[in-house]
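Values quoted throughout were computed directly from the atomic coordinates according to the rules given, and no laboratory measurement underlies them. Model, not experiment: these values are computed from the prediction.
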Amino acid sequence: MLMAILLASLLGGGSAELFVRDDFRAVERIIEEPERAAAATATMQRINNRLNGLFNQRRELVASLVALDLDVDASADVYEKHFDELWLRREQATDGYVRDVFEMREHISREEWAAIFDPPEGDE
Amino acid sequence: MIMGAAVISCSTFKGDPGNPMDGLREQVAASVLDEERAQSILSSVDRIDELLAESTNILVQAQNNERVLFLNYDSTREEYQALMASERGERREVQEQILALHLSIKSQATAEEWGELRPVMVDVVASRIEAMTSEYN
């Protein structure tokens, strides 16, 4: 219930993916070397997979907390244990995300980065 | 395209006509007939509503900050780590406050009252998450 709203809030919104199809297409269009483009998209996909994993864990946890709410005698410690686990997983996911962003920079030049992720209006 | 990205609707907060929390307030009034306990529970619901708005603001601000860092090719790991730690601290504080209020409501309600309030709370969640999802997509 309110636990689930809270989970949605603390984990982010309704989407499980960070990069959409247009981002992948832009990488393939702008990076001319296929190998470098493939390495970049592989890292982007790993970020999406990481977020999908977290998204699914969130759903599982929501289900657990909804079930916990059925038990009128469930202690605060039990709730807190669930949240501690979620925060730990979220921290692992965000650490991985930062590593992946810096790996993306190894595959994408400064100019390409701007052209892919922050194109001038009309170039998107 | 930023971590945890979602543009969350701010249109469902306290006082707005479409606020799903109002359904919960009505259910509290209908289920908890002891006026003193009902007022105490309603005040917790109000505070949770405020904290959810605060949480949404934290989330939107964090997304903006993350977007700036992501687009800046020169942003450093230290800047990312500082932002993530700050955002995590703020959200966790809100989470702990909401959990305490949630458990307070649960402990103040009788088993029968809780049995009536819980399903409404689930509906509130569903509508909130649906609003968040539809705003993003």
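Of A:Asp100, A:Asp22, A:Asp77, the residue with the greatest mean-square motion in the GNM of chain A, using alpha carbon springs below 10 Å, is A:Asp77. For the Cα trace of the range B:21-136, dividing Rg by the Kirkwood Rh returns an Rg/Rh value of 1.12.
Taking every alpha-carbon pair under 8 Å whose residues sit at least 6 apart, chain A reaches a relative contact order of 37 percent. 3J(HN,Hα) along the range B:57-70, derived from phi through the Karplus expression 6.51 cos²θ - 1.76 cosθ + 1.60 where θ = phi - 60°, amounts to 4, 4, 5, 5, 5, 4, 4, 4, 5, 5, 5, 4, 5, 5 Hz, with x in place of Gly and Pro. In this structure the amide hydrogen of B:Tyr73, modeled in the peptide plane, comes within under 5 Å of no amide hydrogen from residues 5 or more places off or on another chain.
With coordinates expressed along the principal axes, the C-alpha atoms belonging to the range A:19-117 extend over 61, 21, 19 Å, beginning with the largest. The angle between the Cα long axis of helix A:2-11 and the main principal axis of chain A comes to about 30°, on a 0 to 90 degree scale.
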